[in-house]
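Novice: Okay, handing you the structure first.
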Amino acid sequence: MVKIVQLPGEIWQIDLEDCGHLGRTAGYFVKGQEGWMLVETGPASSLDKILEAATSLGITPDNLKYIAVTHVHLDHAGGLGVTAEYFTNAKLIVHNKGSRHMVDPTRLIAGATKAWGEKKMAEFGKIKPVAKERVIPVREGDIIDLGNRIIEVWETPGHAKHHACFYDRKTKGLFKPVAGSMTKVKGTKTAKAIVAVSPGKAPTIMPTDTPNVINKKFERLNI
Ligand SMILES: [Zn+2]
């Protein structure tokens, strides 16, 4: 059974069980007046977890408005194609430097196969292309509107050029991939630096990577 943790502010954390590993990647369902948003799909092999969580929360192809991925690495976004195929009305939010690799994943698959090998690729599951017209390529300053809820796009290059965090104004929560110091945030290296680049916003970190580790370390840090 999928592990779902309800967070304050109508956010649900889903353990995507990346390639069978509990607590390694997380997706988040975020509820707005005009529908839901999913942050991060995980690899294609995590689709069952997303569907199970969606069913239990009442999320359907009719009310899932957006699917956003933080970057196009397969452990975070390899499932975008298969998830989009199920949630047929959702627009797909991808960093503008990574979006073409979701539309045509040929190079992504070739690069990942070289890096990970065939066995790991089989564990990630089938990477399907997404329709270009459904993709919203985003950059710094763009917003995602869920009605009563605005999510900001923060470009956070470092781990990858096509790397973004999503800042939820309602909870002052930041959906952030890749743990702690591994991610440069606008040229800086620590989680606290996120606050430095956005003074007064006091984000709570909601990691899409190693959620267990980060939750222990930062305890949904209010900094
Ligand atoms: Zn990555």
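The values are calculated or read from the model by the stated rules, or taken from the named source; none is laboratory data. Everything quoted here is computed from the prediction, not taken from an experiment. Positions of Cβ are generated from backbone atoms using ideal geometry, with glycine treated the same way; all protein chains shown enter the neighbour counts.
Novice: Kindly establish whether Gly200 is modelled with pLDDT under 95, surrounded by fewer than 22 Cβ atoms within 10 Å (Cβ to Cβ) and not hydrophobic (A, V, I, L, M, F, W, C). Spell out the reasoning first.
Specialist: Values: modelled with pLDDT under 95: yes; surrounded by fewer than 22 Cβ atoms within 10 Å (Cβ to Cβ): yes; not hydrophobic (A, V, I, L, M, F, W, C): yes.
Spelling it out, Gly200 is indeed modelled with pLDDT under 95, surrounded by fewer than 22 Cβ atoms within 10 Å (Cβ to Cβ) and not hydrophobic (A, V, I, L, M, F, W, C).
Novice: Condition test on Leu174, is it in contact with a strand residue (DSSP E or B) (Cβ under 9 Å, 6 or more places away or on another chain), modelled with pLDDT under 90 and away from the ligand (no atom under 16 Å from the Cβ)?
Specialist: yes
Novice: Which is modelled with pLDDT of 75 or more and either within 15 Å of the ligand (Cβ to nearest atom) or under 20 Å from Ile4 (Cβ atoms) (or both), of Arg169, Arg149?
Specialist: On inspection, the qualifying residue turns out to be Arg149.
Novice: Which condition does Thr188 not pass, out of (1) at pLDDT below 95; (2) within 15 Å of the ligand (Cβ to nearest atom); (3) β-branched (Val, Ile, Thr), if it passes all the others?
Specialist: Single failed check for Thr188: (2).
Novice: Just need a number here: residues in the range 75-90 that are within 16 Å of the ligand (Cβ to nearest atom) and assigned to a helix (DSSP H, G or I).
Specialist: Counting residues in the range 75-90 that are within 16 Å of the ligand (Cβ to nearest atom) and assigned to a helix (DSSP H, G or I) gives 4.
Novice: Here's something else I'd like to know. Within the range 39-76, can you find the residues that are of a type in the set (A, V, I, L, M, F, W, C) and modelled with pLDDT under 95?
Specialist: Answer for the range 39-76, where residues must be of a type in the set (A, V, I, L, M, F, W, C) and modelled with pLDDT under 95: Val72, Leu74.
Novice: For the range 50-74, give me the residue count where each residue is in contact with a Gly (Cβ under 7 Å, 6 or more places away or on another chain), not in a strand (DSSP E or B) and not hydrophobic (A, V, I, L, M, F, W, C).
Specialist: Residues that pass the stated criteria total 2.
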